[in-house]
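*Asks:* Pasting in a structure now, in structure tokens, and then I'll have a few things to ask.
Please treat every number below as a calculation from the coordinates, not as lab data. Predicted model only: the values in this text are computed from it and were never measured. Cβ atoms come from the backbone with ideal geometry, glycine included; neighbour counts cover every protein chain shown.
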Amino acid sequence: MHLGEQKWTDTAELKGKVVVLPLGSLEQHGHHLPMLTDSMIGGEIARRAEAELGDEAVFLPTLWTGASDHHRAFPGTVSVSNPIYVRLLVDLMESLIGAGFRRIFLLNAHGGNITPGRMAIYDVQIQHRDMPDLWLAFSSWWQIAEAQVAAVEGLQAKMVTHACEQETSMILRLRPELVRLAVARGAVIPFESAFYSLDFQRPNRIDVPRTFDQMSETGAIGHPELATREKGEALFAAAAGEVVAFVREFARGETFPPA
Ligand SMILES: [Zn+2]
């Protein structure tokens, strides 16, 4: 169910449920994908999960405002800085906590939201350390469904990056009329390091931040030209399935007393 469709007088009955807040962005996605890509993907995963969960969980609208300052060299990107994004998430969570909700899941669809998103849940949890029944969770769809995403048939890319094979497949599935596949080109950076990968093709052991204009001329990474609708459907199904499974587990979650 959607919180926005309820009356405020219903809130007291709903506060025992898990609340899911999908996090998106509005930023450049190469020459071939719409700037709202991450919000569309996060919104669709949430829509599928909500359809499956029904009254089991409460969904908020997808937050389109993201932390995308590393994309701002590409005009059209609309972003808030990391400190403002942390504050925004903290205030949204505090509204929910004030209403009585005690299990909040931030379901992320944009890489730039990871660092401030994690900071926000840690800050709020520390602020409420006298509230042991408060549980906060954060994950990105490619993280919660990492094994299932890697198992999708036909994918050449092992990692989800940006305006890449995976994201392009998902928008092809969802809004094909918005994809310019003929001009889909992404950067593949021939960079050798045992420690980190500039184009996110391997897991990093060292964090080395670069802005997107320092990495890609088009703004995309990888091989978006390999995208298909079928891969997109498989990715949505994988992500939504894991979100449903986690929300059900989170709803049951025990409250562990300090040992
Ligand atoms: Zn994206």
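*Asks:* Placing unit charges on C-beta atoms (Lys and Arg positive, Asp and Glu negative, everything else neutral), compute the dipole magnitude of the stretch 174-241 about its Cα centre in debye, rounded to 20.
*Replies:* Details: 8 positive and 9 negative charges, 20 e Å.
The calculation lands at about 100 debye.
*Asks:* Could you give me the ³J(HN,Hα) list for the stretch 93-98, computed from phi with Karplus coefficients 6.51, -1.76, 1.60 and θ = phi - 60°, whole Hz, x at Gly and Pro?
*Replies:* 5, 5, 4, 5, 5, x
*Asks:* Helix-only estimate, please: 222 nm mean residue ellipticity of the chain, summing -39500 (n - 2.57) across DSSP H runs of length 4 or more and dividing by its residues, to the nearest 500. Don't jump to the answer; show the numbers that get you there.
*Replies:* Numbers: 8 runs with 95 residues, N = 259.
Mean residue ellipticity at 222 nm (helix-derived): -11500 deg cm²/dmol.
*Asks:* Calculate one ³J(HN,Hα) per residue across the stretch 52-67 by plugging θ = phi - 60° into the Karplus curve 6.51 cos²θ - 1.76 cosθ + 1.60, and present them in order as whole Hz with x for glycine and proline.
*Replies:* Along the stretch 52-67, the couplings run 6, 7, x, 7, 6, 8, 10, 10, 8, x, 5, 7, 6, 6, x, 8 Hz.
*Asks:* Okay, next question. Compute, for the chain, the length of the dipole vector about the Cα centre, with Cβ point charges of +1 (Lys, Arg) and -1 (Asp, Glu) only. Units Debye, rounded to 20.
*Replies:* Result for the chain is approximately 140 debye, rounded to the nearest 20.
*Asks:* Once you put a point 7 Å from the Cα of Asp133 and another 7 Å from the Cα of Val183, both along the Cβ direction, what distance in nm separates them?
*Replies:* Calculated label separation equals 5.5 nm.
*Asks:* Taking Lys17 as the anchor, which lysines have their alpha carbon closer than 22 Å to its alpha carbon, excluding any fewer than eight residues away along the same chain?
*Replies:* Lys7
*Asks:* Using the Karplus equation 6.51 cos²θ - 1.76 cosθ + 1.60 (θ = phi - 60°), what ³J(HN,Hα) coupling, rounded to whole Hz, does each residue of the stretch 11-19 give in order, writing x for Gly and Pro?
*Replies:* 4, 4, 6, 8, 5, x, 8, 5, 9
*Asks:* In nm, to one decimal, how far is the modelled label at Ala51 from the one at Glu13, with both set 7 Å along Cα→Cβ?
*Replies:* 2.6 nm
*Asks:* Starting from the Kirkwood Rh over alpha-carbon pairs, what translational D in µm² s⁻¹ does the stretch 156-244 have by Stokes-Einstein at 10 °C and 1.306 mPa s? Please report the intermediate quantities before stating the final value.
*Replies:* Working: Rh = 13.9 Å.
Taking Rh from Cα pairs, D becomes 114 µm²/s.
*Asks:* For a protection proxy built on the mean count of beta-carbon atoms within 10 angstrom, sort 177-190, 31-44 highest first, please.
*Replies:* Working: 177-190: 14.7, 31-44: 23.7.
So the peptides 177-190, 31-44, ranked by packing, come out 31-44, 177-190.
*Asks:* I would also like to ask the following. Going 7 Å from the Cα of Arg248 in the Cα-to-Cβ direction, what parts of the stretch 34-55 have a backbone nitrogen less than 20 Å from that spot?
*Replies:* Once the point is set 7 Å along Cα→Cβ of Arg248, 45-55 turn out to lie under 20 Å by backbone N, inside the stretch 34-55.
*Asks:* Amide H neighbours of Gly30 under 5 Å, counting only residues 5+ apart in sequence or on other chains, H built in-plane at 1.01 Å?
*Replies:* Ala220
*Asks:* Place the peptides 96-106, 218-228, 201-211 in order of packing, highest mean first, counting for every residue the other Cβ atoms within 10 Å and averaging per peptide.
*Replies:* Details: 96-106: 18.8, 218-228: 23.0, 201-211: 10.7.
So the peptides 96-106, 218-228, 201-211, ranked by packing, come out 218-228, 96-106, 201-211.
*Asks:* So for the chain: antiparallel DSSP bridges make up what percent, rounded to the nearest 5?
*Replies:* Numbers: 2 of 20 bridges.
Just about 10 percent of them are antiparallel.
*Asks:* Only Lys, Arg, Asp and Glu count, each charged at its Cβ (+1, +1, -1, -1), so figure out the dipole size of the stretch 55-168 about its Cα centre, rounded to 20 debye. Provide the component values of the computation, followed by the final result.
*Replies:* Details: 7 positive and 12 negative charges, 59 e Å.
The calculation lands at about 280 debye.
*Asks:* Would you mind pulling out the separation of the Cα centroids of the stretch 82-131 and the stretch 137-204, in Å?
*Replies:* 26 Å
*Asks:* Using per-residue counts of other Cβ atoms within 10 Å, averaged over each peptide, order 152-158, 24-30 from highest down.
*Replies:* Values: 152-158: 14.3, 24-30: 26.4.
Top to bottom by mean Cβ count within 10 Å: 24-30, 152-158.
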